[in-house]
Amino acid sequence: MNGPLDTTFERFFETKTACDVEGTMAFFSPDLATYTDATLGWALDGYDSLKGVFAQYMPNWSPPARSYTTGVLANETSALLRMTDTPELFGGELRILAAVDFADGKIVRWVDYWDSSSFDDALYAELRTPVDTFPADLKDAQVATNAAPALLAAATAIQGAFAAGDATAAGDLMHTDVALEDMSLRTQVIGRIEASAYLGRVLEDVPYGRSSRLRHIVGGSNGGGFEWTAGPSADALVGITALELDTAGLITRITSVYDSRQLRPDRKASLIGATFS
């Protein structure tokens with residue numbers, strides 16, 4: 001780890017795994033806009049709401065329960081996290097991409113995105129917020145985008161290409177050896193030629209594709225992520241796409257995640273099938 005927020009997150013996850021409620025909350029601003037689980041619809045809007053959840057759950061955690069990061073793409077004020085919560089924390093292994101914003105050295109917004117396909121059905125039904133009260137406001141309008149200019153340019157350009165269904169324009173932004181991943185569909189495509197061809201098959205139907213809307217960008221000059229809302233055909237499903245950049249600003253890795261359980265089964269099957277077309 002050698003990025004501007006790597007040490008901060010290393011300490012954060014050590015403190016969280018140690019079940020230290022007060023220590024964990026010390027990383028958050030009293031003016032916290034939200035800590036939201038976008039998959040379960042847990043919108044903890046405010047410092048006290050988040051502290052209450054940690055106070056409820058942390059006493060029940062014991063080894064080998066662990067929360068940890070496997071990657072940080074950040075500048076001094078925002079980050080894209082690749083992180084994992086082990087099953088002992090919330091009942092199933094969560095492989096998460098998170099968007100995190102800071103102000104004055106404290107976290108002011110945190111949103112987790114993960115796919116629930118392998119999560120226990122009954123527990124998912126129990127924990128997920130009902131549809132009629134499921135949060136649509138992820139507080140991105142309350143927290144300014146402070147991502148690095150190189151990332152802003154790359155994220156805005158490729159999201160625009162995705163939203164237009166333009167696989168060729170998306171391919172022009174990629175490195176020759178790009179890796180494109182969809183964590184929700186368990187899909188990986190290697191190389192600009194294959195990635196462009198794959199996008200040509202799926203952008204009309206994949207949630208981050210045609211008519212999706214850019215919401216918020218986090219990260220540094222070497223990469224980060226952009227949050228998006230899907231178009232009407234995907235019932236405004238939310239998700240995030242992580243990007244890694246080379247020194248010339250070309251995209252070397254693209255990773256998207258969203259809750260594919262919310263897709264119609266036939267649509268999900270068709271998208272998975274498109275990987276092998």
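Assorted remarks:
- The stretch 89-136, relative contact order [Cα under 8 Å, separation at least 6], %: 31
- Distance (nanometres) between label positions extended 7 Å along Cα→Cβ at Asp137 and Ala26: 3.3
- Span from the the stretch 143-162 Cα centroid across to the the stretch 52-129 one, whole angstrom: 24
- Area of Tyr124 that stays accessible when all protein chains are in place (1.4 Å probe, Å², to 10): 20
- Karplus (6.51, -1.76, 1.60) ³J(HN,Hα), θ = phi - 60°, over the stretch 142-155, in Hz, Gly and Pro reported as x: 8, 10, 5, 6, 10, 6, 5, x, 4, 6, 3, 5, 5, 5
- Ordering of 93-101, 258-266 by burial proxy (mean other Cβ atoms within 10 Å per residue, highest first): 93-101, 258-266
- Simple spin-label estimate for Ser233 and Ala125 in nanometres, 7 Å along Cα-Cβ: 3.0
- Among the trypsin sites (Lys or Arg not before Pro) within the stretch 175-217, those in coil by DSSP and having at most 14 neighbouring Cβ atoms inside 10 Å are Arg186.
- Spin-label zone in the stretch 78-100 - amide nitrogen under 17 Å from a point set 7 Å from the Cα of Ser62 along the C-beta vector: 87-91
- Excluding same-chain neighbours fewer than eight residues apart, the lysines reachable from Lys106 by a Cα-Cα span under 24 Å are Lys16, Lys51, Lys139.
- Label-zone membership for the stretch 204-227, site Asp45, 7 angstrom Cα→C-beta point, backbone N under 17 Å: none
- Here the gap between Glu76 and Arg95, fully extended at 0.36 nm per residue and compared with their Cα-Cα distance, gives a gain of 4.4 nm.
- Taking only protein heavy atoms and a 1.4 Å probe, the accessible area of the stretch 105-177 is 54% carbon and sulfur.
- In Å², nearest 10: area of Asp246 left accessible to a 1.4 Å probe: 40
- Among beta bridges from DSSP that stay inside the chain, the antiparallel ones total about 85%.
- Of all DSSP beta bridges confined to the stretch 1-132, the antiparallel ones make up roughly 85%.
- Average accessible surface for the chain: 42 Å² per residue, computed with a 1.4 Å probe over protein heavy atoms with every protein chain in place.
- For the residues Thr77, Thr247, Thr17, a GNM of the chain with alpha-carbon springs under 10 Å puts the largest fluctuation on Thr247.
- Listed values (1) -0.46, -0.80, -0.92, -1.19; (2) -0.39, -0.71, -0.85, -1.14; (3) -0.51, -0.85, -0.96, -1.17, entry calculated as log10 I(q)/I(0) by the Debye sum over Cα atoms at q = 0.09, 0.12, 0.13, 0.15 Å⁻¹: (2)
- DSSP bridge orientation in the stretch 161-277 - percent antiparallel, rounded to nearest 5: 85
- Euclidean distance between Cα centres, the stretch 204-255 to the stretch 1-29, Å: 26
- Normalising the average separation of contacting C-alpha pairs (under 8 angstrom, six or more residues apart) by the number of residues puts the relative contact order of the stretch 94-246 at 20 percent.
The values are calculated or read from the model by the stated rules, or taken from the named source; none is laboratory data. From a predicted model like this one, the values you see are computed outputs, not experimental measurements. Using ideal geometry, Cβ is built from the backbone for each residue, glycine included, and neighbour counts are taken over all protein chains shown. Ligands, DNA and RNA are excluded from the accessible area calculation, which covers all protein heavy atoms including side chains. Shrake-Rupley method; radii C 1.70, N 1.55, O 1.52, S 1.80 Å.
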